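Undergrad: Here's a structure for you.
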Amino acid sequence: MRPGSAATRRDGRNHRLRSLLPPDIFRPAAATNRPGRLLTLNDAWVENVDPPADLLPDREVLEMATVNGVAVANLAGRTGSLTPGKRADVVVIDGKAPNVAPVIDPVGAVVISADVSNVDTLIIDGVIKKEGGKLVGIDLDRARGLIEASRDYLVSELAKKQADA
């Protein structure tokens, strides 16, 4: 294996996790596992050897991004699993999208290939928020208008401050 191509290992070597709240579960999972894993697997392929036995499996990476995150946040008693009485989020991935297909290993497809564009359906605490790849109950035109008005205000205030300086 070439130097610097180490992937995330079970013992935690060669990876850094940030505890900041990410915008989605895909980015931390991909950042944790994808680059080093792909290089390591490629090197094993080129050298015609088995990949290292201590590579962190995709299932464990997914658990790190989901149930383990809930446990670290001390919320496991009320969320984090599909259990009666708990609050839960369900994410359904479109496995036919070009960046995911063909799906051989569903967990690997999520960890290695999927991103937010692949979310077909999203259910949060029993309420459908996205279905068929489209947000449900969101007025995007209104949201965009509010964001653009905020931008325009900030730009005009900055221009005033620069003119006064």
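For every residue, the table says whether it meets (1) surrounded by 13 or more Cβ atoms within 10 Å (Cβ to Cβ); (2) free of Cβ contacts under 8 Å to residues at least 24 places away in the same chain; (3) charged (D, E, K, R); (4) in contact with a Pro (Cβ under 8 Å, 6 or more places away or on another chain).
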site	(1), (2), (3), (4)
VAL70	yes, yes, no, no
ASN74	no, yes, no, no
PRO84	no, yes, no, no
VAL92	yes, no, no, no
ALA97	yes, yes, no, no
ILE112	yes, no, no, no
LEU122	yes, no, no, no
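Undergrad: Being assigned to a strand (DSSP E or B) and touching a helix residue (DSSP H, G or I) at 6+ places or on another chain (Cβ under 9 Å) is the filter here; which residues of segment 65-116 pass it?
TA: THR79, VAL91, ILE93
Undergrad: Condition first: surrounded by 11 or more Cβ atoms within 10 Å (Cβ to Cβ), small (Gly, Ala, Ser), more than 22 Å from GLY36 (Cα to Cα) and free of Cβ contacts under 8 Å to residues at least 12 places away in the same chain. Can you find one or more residues in segment 140-152 that meet it?
TA: So far as segment 140-152 goes, yes, one or more of its residues are surrounded by 11 or more Cβ atoms within 10 Å (Cβ to Cβ), small (Gly, Ala, Ser), more than 22 Å from GLY36 (Cα to Cα) and free of Cβ contacts under 8 Å to residues at least 12 places away in the same chain.
Undergrad: Still on this model: Hey, can you tell me all the residues within segment 99-110 that are of a type in the set (Val, Ile, Thr) and in contact (Cβ under 8 Å) with a residue 40 or more places away in the chain?
TA: Correct list: VAL107, VAL110.
Undergrad: Something else: What number of residues in segment 71-114 are closer than 20 Å to LEU56 by Cα and acidic (Asp, Glu)?
TA: 1
Undergrad: Got at least one residue in segment 29-43 being out of contact with any helix residue (DSSP H, G or I) (no Cβ under 7 Å at 6 or more places or on another chain), more than 22 Å from ASN99 (Cα to Cα) and either modelled with pLDDT of 80 or more or not in a loop (DSSP other than H, G, I, E, B) (or both)?
TA: Scanning segment 29-43 turns up at least one residue that is out of contact with any helix residue (DSSP H, G or I) (no Cβ under 7 Å at 6 or more places or on another chain), more than 22 Å from ASN99 (Cα to Cα) and either modelled with pLDDT of 80 or more or not in a loop (DSSP other than H, G, I, E, B) (or both).
The values are calculated or read from the model by the stated rules, or taken from the named source; none is laboratory data. Just so it is clear, the model here is predicted, and its values are computed rather than measured. Quick reminder, even Gly has a Cβ in these numbers, built from the backbone with ideal geometry, and neighbours come from all protein chains shown.
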